[in-house]
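The structure is given below, and queries will be raised subsequently.
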Amino acid sequence: MNNAIEINGITKKYKDFTLGGVQAVVPCGFATALIGANGAGKTTLIDILCGVTGKTGGKAVYFGDMTDTDDDKLRNRIGYCSSANFFPMDWTLKKIADSMELGFDNFDRQRFAELCRRFKLGDPTEKKQKKLMKLSDGNKMRTYLAAVLARDTELLVLDEPASSLDPLVRDVLCDLFREYLSERDGERSVLFSTHNIADMEYATDYAIFMANGKVIEQGFVEDLKEKYILVHGDAENADKARPFMISFSGGRTGFEGIALAENAEMLRAYDTAVETPTLQQLSVGILRKAEEDEK
Amino acid sequence: MKSNSLTLSQAHKIYTGDSMGMFAIKLSFGGILMYSATIFTFFIIMLLSEGNASDALKELSGTALINTFLTMDAGIVLMITGLMQYDKQFPGGKYFRTVNGGFDTYRKMKNASLIARVIALISIMLVGAIFDRLGLFKLSFGTNDVIYIGAFLLISIGLVNFMNLIKNPAVRGLSTPFITFAAGLLGVILPNILDGKIYFALAVAVIAVPFIVISQKVMLSDYKKNKWNK
């Protein structure tokens, strides 16, 4: 099994938005980041993949041969959580544990307690507990993560897990992804959407870029960093370099942007500096290009 | 826990954190408390105007006021719980769609909630009957009134199910109290017209059972089609 999920032409039509024919893979054994601007269709795609939203067309194949998100066997292999109001706001840690123990075959109450301690959320067995509505956004997200990680799953699907976390906990989240993947080397996978690309780069092996309901680029981060280059140079060479670049931003003193690596020699001839882009720089370049194409 | 082995009570606990029994107790307790608080408040008002407790009790007892309180308080409890929504955009909505059994667990939870509401209705009516028997707050036609009110509130449970079919939340929220109380108040008015004869109330109660079952099925199938996976 090479892919945790193979997405074949999934579509979803709303009145004002269409997720159109998504073709993508989530490779098995790696952490995949779903990157895109607000409204690109990331949450819709994640919800469809986890059986939260129905699709209009297309198919997703999970773990090589499973396709039915209503099948409990598949439900139990996927650990899903969204960023906002994942549980009712009047619930406590104890109520979450009670519900999840009944709702899934593989929820481990002891592991949940350990994760709650690790995230400094308190003890789920204590009598007096805070309701979710009394917690900060960051602590709510920590609670959701503790709950989903307390299940013995093979695929974690997390919608914006880092958005409300402080930088320190984002770092812990990256470590958790690594731990989760290494516990059963090659058998587990993570799919998460994020806007905090710089903070999550350490945890990202594979990236899927989305814009306007479509996948515009995907691949292993290392491969993408070979496919694309970061170019910057002086303003006087901007006009000459621009036709060879896929994204461009310039001022009075200089310019910067992303180009295909195959154009590196050509660009060097215009006295530009060529570097390996970070995932953040790559994302900005690819998404900016998609935005310009849409105009 | 495998979905096919989930009981109604367990499905209810997944959604609310409370078992069906605990939910029924909470609802019953809430309804009884509301009814007691209402009649106590009016008793105090009467006490202040009449000057002594026995005159205040006499003034309240045997009037349609007590029947109306019983109907309204039980009706409010049934209406609020009957309109509870677990849509995707509400807290917990996405989580509930990923638990074992999916929609089947939702159906079990809704059926458990229905049973808990009927238990709560019976409990509140029993307290109304006990107050009447003890001579504390007499109903116009005694226990027969309780059966009338209970029977028509059973009908209102089915009506609330049908009100869930209304897509616009504002229209649904505003129209449901009118429908619920209109049905419930028939249970207050009809005993006076029918001289408290119990046969009509029993017939309504018998009709209410298939009516509730059908309304529950219609409501669940509409929810699955129009909301569950949309």
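A short reminder: the numbers here are calculations on the coordinates, not readings from a lab. Source: prediction; values computed, not measured. Every residue, glycine as well, gets a Cβ built from its backbone with ideal geometry; the counts of neighbours run over all protein chains shown.
What distance in nm separates the two pseudo spin-label positions at B:Lys217 and A:Glu183, each 7 Å out from Cα along the beta-carbon direction?
A separation of 4.4 nm, rounded to one decimal place.
Helix B:103-133: angle to the longest alpha-carbon principal axis of chain B, degrees 0 to 90, nearest 10?
10 degrees
How far is it, in nm, from the label point at A:Lys131 to the one at A:Gln280 when both lie 7 Å from their Cα along the line to the Cβ?
Simple spin-label model gives 3.9 nm for this pair.
Here's a follow-up. Using the Cα atoms of the protein assembly as shown to build a convex hull, what is its mean projected area in square nanometres?
Convex hull of Cα atoms, orientation-averaged projection: 30.8 nm².
For B:Thr180, what is the net charge nearby, where nearby means another residue's Cβ is under 14 Å from its Cβ and Lys, Arg count +1, Asp, Glu -1?
+1
Taking B:Lys58 as the anchor, which aspartates and glutamates have their alpha carbon closer than 13 Å to its alpha carbon, excluding any fewer than eight residues away along the same chain?
B:Glu50, B:Asp132
Pull up all non-local amide H partners of A:Arg188: gap of 5 or more, or a different chain, and H-to-H distance under 5 Å with H placed in the peptide plane.
Those lying under 5 Å, H to H, from A:Arg188 are A:Gly29.
Please compute the modelled spin-label separation between B:Lys225 and B:Ile166, points set 7 Å along Cα→Cβ, answer in nm with one decimal.
2.0 nm
Find the relative contact order for the stretch B:1-160 and round it to a whole percent, using C-alpha pairs within less than 8 Å whose residues are 6+ positions apart.
Normalised by residue count, the contact order of the stretch B:1-160 is 36 percent.
Given charges of +1 on the Cβ of Lys and Arg and -1 on the Cβ of Asp and Glu, with all other atoms neutral, how large is the dipole of chain B about its Cα centre, in debye to the nearest 20?
So the dipole magnitude of chain B works out to roughly 1480 debye.
Let me ask something else. Aspartates and glutamates within cross-link reach of A:Lys55: Cα-Cα under 14 Å, excluding same-chain residues under 8 positions apart?
A:Asp47, A:Asp68, A:Asp70
Continuing with this model, one more query. Quick one: if the Förster radius is 30 Å, what FRET efficiency do A:Leu260 and A:Arg118 give, using the C-beta to C-beta distance and rounding to 0.05?
So, using R0 = 30 Å, E works out to roughly 0.10.
Something else about it: Once you have a ≥ b ≥ c as the square roots of the Cα gyration tensor eigenvalues for the stretch A:224-294, tell me rounded if a/c is under 1.5, and otherwise prolate or oblate according to whether a/b is larger than b/c.
It comes out oblate by the Cα gyration axes.
Rounded, prolate or oblate: which fits the stretch B:8-228 when a ≥ b ≥ c are the square roots of the eigenvalues of the alpha-carbon gyration tensor, with rounded for a/c under 1.5 and prolate only if a/b beats b/c?
It is prolate, given that a/c is not under 1.5 and a/b is the larger ratio.
Okay, next question. Can you grab the distance from the C-alpha centre of the stretch A:18-90 to the C-alpha centre of the stretch A:223-295, Å, no decimals?
The stretch A:18-90 and the stretch A:223-295 have Cα centres separated by 32 Å.
Let me ask another. What is the local net charge at A:Glu183, summed over the other residues whose Cβ is closer than 11 Å to its Cβ (Lys, Arg +1; Asp, Glu -1)?
My count for the surroundings of A:Glu183 gives -2.
Let me ask something else. All other residues with a Cβ under 15 Å from the Cβ of A:Tyr202 taken together, and with Lys, Arg as +1 and Asp, Glu as -1, what is their net charge?
Local charge sum for A:Tyr202: -4.
Which aspartates and glutamates, on any chain, are close to A:Lys227 with Cα under 16 Å apart, when same-chain ones fewer than 8 places away are left out?
A:Asp205, A:Glu217, A:Glu262, A:Glu265, A:Glu275
With contacts defined as alpha carbon pairs under 8 Å and 6 or more residues apart, what's the relative contact order of the stretch A:224-294 in percent?
It comes to 41 percent, rounded to a whole number.
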